[in-house]
Amino acid sequence: MMRLSMLRSGPALTLLVLLFASPAIAETPYPEITYIVPGAVCRGTTTEVTVVARQARRGFDNASQVFFSGEGLRAEVLPREAKAPVERRKLKVTVDKTAAPGLREVRVATDAGISSIGELLVVDDPVIAEAAGAHATPATAQKVEVNRVIAGAIAVKEEVDCYRFHAKAGQEVTFSLMGQRLYFKRHYQEAGSSDPMLILADASGVELASNDDYYLGDPMLHHRFDKDGEYVIAVRDVDYGGAPHFTYSLAMTDRPFVTDVFPLAIPTTGPWTASATGFGLSDGPLQLTGLSNPSAPGPHVARLVANGRETNASTFEVTDLPILTEAEPNDDRHKATRVPRLGVMLSGRADRPNDVDHFAFDLKAKRPVRFEVKARRLGSSLDSFLRLLNEKGSAVASGDDTTRSRDAVLTFTPPADGRYTLEVRDLIYRGGPGFAYGIEAREDEPDFEVTCDDDRAGVGPGCAVPWFLRATRQAGFDGPIEVRVEGLPPGLSARPVTIPSTMTDGCLVLQAAPGAKPAAAPVKLIARASIKGLDGKTRQVEHRVQPLEELYMGGGGRSVWPVDTQFAQVVTRDDISSVRVTPATITLKPGQQVVLEVEITRRAPFNDRVTLDVKLQHLGSVFGNPLPPGVTFVESGSKTSLAPGESKGRIILKAAPDAKPIKDVTIAAVAYVSIDFVSKRAYASAPIPTSVAVHSR
């Protein structure tokens, strides 16, 4: 047996963080939320929390507003205490009783811009903040109660946090921790994340149970206590790592607790029921609560009712498609569940390791089909993999992860009429109650998706900021896509931009009026296109553009992550007040080049290096290129690096001899100011309509 007193191997060590040297230091970087303490708030309460930045220069001086994703939360920025560091700021957060539980995105607006994303967990039980001082042994453990949520942090290396509580004989308690799951949307990834584990012990420190990596990298354990007494639950990093941002929220509950639900897909109208595995649950289907009737299609959070008590929340995919549940046994294609038509939601589960499910379809020649899994995004453990088999059992198509999810997608155009079988499994053949899925099976209608890099813009009066767009067209759609902005605050404007049919990237420019007053607001980008469907009818299709947050990766790499919210703001503090370009419009003939004369105006006291470009790129990777096809940047003769004190540069563009005609593509001259090795702040000229003329013979 292991005793908790033996889990601590030495004194706490100071965390050392190695940073890359920055090529230039901006006077006004965006604020950055590294973590929030406490990291959980209870519904129906008002709580003080502290947002913490990685550096003082990325802090929250002059913070004015707080924004949350979803409904039911609001916050007041409290006055900064005397001598309090600017990288820490207190907020008074009020949570309505009706607010939905779960993680919420948090942003703080300052005079320099909207912050990167922090996350706050909305819970049902009272929140207990971790006490100051060491509580690493059963003798020094902090006293808590069951049916509470502990908000703490593994703040230094080798830290162990112990919490003492009383349990009765026969009482069953579930301990569920969220820690690593707080990391995915954090801007600064290079600092690393925690790998927390739980250890349950008796009052003397004798271990009773432990768990690691139940929900992705987060632990969960359940225990039935044999006798009344004092017990200890301990939290530590698996490798005894620690850092201030290794925050966690530990829920302790003796109420019914759901670990997995089935089915994941439910209809838009009731009645709603689901079977569940977990603890303290009654047999048979359980009623769902917390959904409006009807509910809009998409993911929704709901609770089950077991023995007259509500469970913890689960996520379901609400669909307006008919739902067809797999019929076992269907482990080989000869026993496949028959699907009478497309336009359905398939519901199933990999019930055990090596379970492979099959669904049979009669498909028509030249009618493209699409199968999209809804599983991991809903909390399922399934890492789905799809194959489509022909009548001979040979695979004709397969599908795995997309760029934004581990949920598989498979598309296929049958060359001939025939029976095809969809094969569904976990990538490495895992299975069990937590491996449920829904699969949207439909004809692959022409469609599109658009993303925006990035998720926030701070624009000074008289200046402009670029947002780079990227379109993914699907199922043969090859038309233009128009993107507009909705919800801009007063003083900001943005002309709609069109991504032509021959391009995938675009640039939307947000401009602030010269006299614009400080203001911030959540915005939505809407993409619109005319699409001819498989039925031959043309429809106007609109989708919300998916905002992407920049991530600073280990080793200085740059990545992006999809987020829920996007913001635009008129700021009063930045580095560049204007980017002016001559000529204001461009028309190139094939083989011709043009010189863009660029002049920037710096805002005092900024006087550091500036880089000019028309693209968004980092270390050779291009994240946005709005130049028309055949038009390229010419390095020879261009002057894109402006030394301290310099204000004038030039960008040379050239059309290839075979460049195709195109009209009024929106580009902008962009002045980049480096914030650190990865991040940079972008300032844009007014939109520059760019055309390639018809070649004259």
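The values are calculated or read from the model by the stated rules, or taken from the named source; none is laboratory data. Predicted model, so just to flag it, every value in this text is computed and none were measured. Please note: Cβ atoms are built from the backbone with ideal geometry, for glycine as well, and neighbour counts cover all protein chains shown.
Is it true that residue 370 is surrounded by 14 or more Cβ atoms within 10 Å (Cβ to Cβ), in the same structural domain as residue 399 (by TED's automatic domain parsing) and modelled with pLDDT under 95? The answer is no for residue 370. Within this structure, residue 488 fails the test of being in a strand (DSSP E or B), out of contact with any His (no Cβ under 6 Å at 6 or more places or on another chain) and of a type outside the set (Gly, Ala, Ser).
Among the residues of segment 462-485, write down those that are outside any strand (DSSP E or B) and of a type outside the set (Gly, Ala, Ser).
Within segment 462-485, 463, 477, 478, 480 qualify.
The condition (being within 26 Å of the chain's Cα centre (by Cα), modelled with pLDDT under 95 and of a type in the set (A, V, I, L, M, F, W, C)) is satisfied by just one residue among 191, 251: 191.
Of the residues making up segment 612-661, those that are surrounded by 14 or more Cβ atoms within 10 Å (Cβ to Cβ), within 24 Å of residue 558 (Cβ to Cβ) and small (Gly, Ala, Ser) are 624, 638, 649.
Just a yes or no: is a residue in segment 672-689 of a type in the set (Asp, Glu), buried (at least 19 other Cβ atoms within 10 Å of the Cβ) and either in a loop (DSSP other than H, G, I, E, B) or out of contact with any His (no Cβ under 9 Å at 6 or more places or on another chain) (or both)? Within segment 672-689 (the criterion being of a type in the set (Asp, Glu), buried (at least 19 other Cβ atoms within 10 Å of the Cβ) and either in a loop (DSSP other than H, G, I, E, B) or out of contact with any His (no Cβ under 9 Å at 6 or more places or on another chain) (or both)), the answer is yes, since at least one residue qualifies. Selection of first residues in segment 611-628 that are assigned by TED's automatic domain parsing to the domain that holds residue 639 and of second residues that are modelled with pLDDT of 95 or more and of a type in the set (Asp, Glu), restricted to Cβ pairs under 6 Å at least 6 apart or on distinct chains, gives the following pairs, ordered by first then second residue: 623/453; 624/453; 624/505; 625/505; 626/505.
Every condition in (1) outside the structural domain of residue 108 (by TED's automatic domain parsing); (2) touching a Gly at 6+ places or on another chain (Cβ under 6 Å); (3) at pLDDT 85 or above is met by residue 29 except one, and the failing one is (2).
Within segment 150-164, residues that are closer than 16 Å to residue 231 by Cβ reach partners that are among the charged types (D, E, K, R) with beta carbons closer than 8 Å, at six or more positions or on different chains, in the pairs 150/130; 160/8; 160/236; 161/130; 161/236; 163/143; 164/143; 164/230.
Remark: pairs (first residue in segment 75-88, surrounded by 13 or more Cβ atoms within 10 Å (Cβ to Cβ); second residue of a type in the set (S, T, N, Q) and part of a loop (DSSP other than H, G, I, E, B); Cβ separation under 7 Å; 6+ apart in sequence or on different chains) = 77/64; 87/55.
Taken as a whole, the structure leaves residue 113 outside the set of residues that are in contact with a helix residue (DSSP H, G or I) (Cβ under 8 Å, 6 or more places away or on another chain), at positive phi and surrounded by 18 or more Cβ atoms within 10 Å (Cβ to Cβ). Of the listed requirements (1) closer than 28 Å to residue 576 by Cβ; (2) part of a loop (DSSP other than H, G, I, E, B), residue 83 misses just one: (1). Give the residue that is farthest from residue 107 (Cα to Cα), with candidates limited to residues of segment 71-80 that are assigned to a loop (DSSP other than H, G, I, E, B) and in contact with a strand residue (DSSP E or B) (Cβ under 8 Å, 6 or more places away or on another chain). Going through the qualifying residues, I end up with 80. Assessment of segment 324-335 against the conditions (farther than 30 Å from residue 251 by Cα, in contact with a Gly (Cβ under 7 Å, 6 or more places away or on another chain) and among the charged types (D, E, K, R)) yields at least one matching residue.
Tell me, please, whether a residue that is of a type in the set (A, V, I, L, M) and farther than 26 Å from residue 196 by Cα can be found in segment 233-251. No, the conditions are met nowhere in segment 233-251.
Quick one: would you say residue 336 is crowded, with 20+ Cβ neighbours inside 10 Å, among the aliphatic types (A, V, I, L, M) and touching a Ser or Thr at 6+ places or on another chain (Cβ under 8 Å)? It is true that residue 336 is crowded, with 20+ Cβ neighbours inside 10 Å, among the aliphatic types (A, V, I, L, M) and touching a Ser or Thr at 6+ places or on another chain (Cβ under 8 Å).
Here the condition is being at pLDDT 95 or above, of a type in the set (Ser, Thr, Tyr) and either crowded, with 22+ Cβ neighbours inside 10 Å or within 25 Å of residue 460 (Cα to Cα) (or both); of 493, 501, it holds for 493 alone.
Give the residue, chosen from 132, 136, that is assigned to a loop (DSSP other than H, G, I, E, B), closer than 30 Å to residue 202 by Cβ and free of Cβ contacts under 8 Å to residues at least 12 places away in the same chain.
Values: 136 fails: free of Cβ contacts under 8 Å to residues at least 12 places away in the same chain.
It is 132.
On the basis of being farther than 24 Å from residue 452 by Cα and hydrophobic (A, V, I, L, M, F, W, C), does residue 614 make the cut? No; evaluated as a whole, the condition is false for this residue. Screening the candidates 285, 263, 299 for the property of being outside the structural domain of residue 176 (by TED's automatic domain parsing), in contact (Cβ under 8 Å) with a residue 40 or more places away in the chain and surrounded by 14 or more Cβ atoms within 10 Å (Cβ to Cβ) yields one hit, 263. Output the residues belonging to segment 302-325 that are surrounded by 21 or more Cβ atoms within 10 Å (Cβ to Cβ) and more than 30 Å from the chain's Cα centre (by Cα). Listed by number, the list holds a single entry, 306. Going by the conditions given, is residue 59 under 21 Å from the mean Cα position of the chain (by Cα) and at pLDDT below 95? Criteria not met by residue 59. The residue of segment 237-260 that is surrounded by the fewest Cβ atoms within 10 Å (Cβ to Cβ), among those that are closer than 25 Å to residue 160 by Cβ and of a type in the set (Val, Ile, Thr), is 238.
Screening segment 169-273 for strands (runs of 3 or more DSSP E) wholly inside it with 2 or more residues that are of a type outside the set (Asp, Glu) and farther than 23 Å from residue 405 by Cα returns the ranges 172-178, 196-202, 207-212, 220-224, 229-237, 247-253, 257-262. In segment 98-109, what count of residues is obtained for those that are at pLDDT 95 or above and not hydrophobic (A, V, I, L, M, F, W, C)? Counting residues in segment 98-109 that are at pLDDT 95 or above and not hydrophobic (A, V, I, L, M, F, W, C) gives 3. For segment 573-600, filtering for residues that are touching a residue at least 60 places away in the same chain (Cβ under 8 Å), out of contact with any Gly (no Cβ under 7 Å at 6 or more places or on another chain) and closer than 17 Å to residue 673 by Cβ leaves 6. Got a sec? Which of 414, 368, 461 is within 21 Å of residue 478 (Cα to Cα) and in contact (Cβ under 8 Å) with a residue 60 or more places away in the chain? Selected residue: 368, the only one of 414, 368, 461 that is within 21 Å of residue 478 (Cα to Cα) and in contact (Cβ under 8 Å) with a residue 60 or more places away in the chain.
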